[in-house]
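Working notes, beginning with the structure itself.
Where a number appears in this text, it was derived from the coordinates with a stated rule and is not lab data. Here the structure is a predicted model, which means the values were calculated and not measured. FYI the Cβ positions are ideal-geometry reconstructions off the backbone, even for glycines, and counts take in every protein chain you see.
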Amino acid sequence: MRLKTKPEEIDVDFAKAALVIVDMQNAFASKGGTLSLAGADLADAPRVAHTIRSVLDTARAAKVAVVHLQVGYKPDLSNAGGPRSPNYYKETAMRLMCAKPELKGKLLTEGSWDFQLIEELVPQPGEIVITKTRYSGFAGTTLDSQLRVGGIQYLFFAGIAANVCVESTLRDAYFLDYWPILVADATMAAGGRKMHEATLFNVESFFGWTIWSDDLRAHLSAGANR
């Protein structure tokens, strides 16, 4: 099917496509989570979650594969990299826990409220759920192998944060020869609108394509009704 993508239209086979929802956790989408504690403006997060849910419902109805990415560390932080890893110094939850030891085990820790996916976007049985410990969903995970087993070639990306984990995963998808398509209004950047615009520029110029959620849902519905 020919999709209304930017910077040019492309053909996508929805039977070989997946919707990848990146890190829609309390940590990044809820007040009191990691991003909120770091001072980020989450005013747009409810709209993003609602937009993703609308795309998700349509994708499910069209029988398109769904992948949920979820970043999280073991309680002892043994998979966070330690002081020899740049992740230890740059990842937001790690920085907060290092600065405030009372937060250890509460931010992006498996089993914690912060780690949980938001209620609006809980996975259904049969959907792929990948726990990751770095920005990219491909780094040290089985994501690539699971997608290839399923014959997936086209990936639609949504989630938070557009300029960090979403863009990191999308870039790796490009390097692995998937066709990456960012759902422009189903993402929110850490750092504000200008950061989101920078991600759109990067994707459209160098790493893939963008599409608006209304257009994607229309294409999905049309494909499902064929």
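Observations on the model:
- ³J(HN,Hα) computed for each position of segment 22-32 - Karplus, 6.51 cos²θ - 1.76 cosθ + 1.60, integer Hz, glycine/proline x: 9, 6, 7, 10, 4, 4, 10, 10, 10, 4, x
- Shape of segment 30-90, Cα gyration tensor, a/c cut at 1.5: oblate
- Counting charges near Asp76 (Lys, Arg +1; Asp, Glu -1) among other residues having Cβ under 15 Å from its Cβ returns a value of +2.
- Annotation: the residues Trp179, Trp113, sorted from fewest to most other C-beta atoms within 10 Å of their own C-beta, follow the order Trp113, Trp179.
- Site pair Lys4 and Tyr89 shows an inter-label distance of 4.7 nm when each label is modelled 7 Å from Cα along Cα→Cβ.
- Val67 long-range amide H proximity, modeled H, under 5 Å: Leu19, Val20, Ile21
- Close amide-amide hydrogen proximity is noted between Ile160 and Val22, Met24, each under 5 Å apart and 5 or more residues distant or on a separate chain (H modeled in the peptide plane; Pro and chain starts excluded).
- With Cα atoms defining each centre, segment 69-124 and segment 127-175 are spaced 18 Å apart in the structure.
- Along the axis of the charge dipole computed for segment 11-224 (Cβ charges of +1 for Lys and Arg, -1 for Asp and Glu, origin at the Cα centre), the listed residues Asn87, Leu155, Leu103 are led at the positive end by Leu103.
- Protection proxy ranking of 40-46, 150-156, by the mean of other Cβ atoms within 10 Å over each peptide's residues and highest first, is 150-156, 40-46.
- Each of the peptides 217-223, 76-82 was scored by the mean count of other Cβ atoms within 10 Å over its residues; in descending order, highest first, they stand as 217-223, 76-82.
- Residues whose amide H falls under 5 Å from that of Ile10, counting only those 5 or more places apart or on a different chain, are Leu3, Thr5, with hydrogens built in the peptide plane.
- Principal axes of segment 31-164: Cα extent on each, largest first, Å: 46, 34, 25
- Rounded to the nearest 20, the Cβ-based charge dipole of the chain about its Cα centre (Lys and Arg +1, Asp and Glu -1) stands at 340 debye.
- Within straight-line cross-link reach of Lys16, lysines at Cα separation under 17 Å, skipping those fewer than 8 residues along the same chain: Lys63
- Alpha-carbon Debye profile of the chain, log10 I(q)/I(0) at 0.13, 0.16 Å⁻¹: -0.71, -1.07
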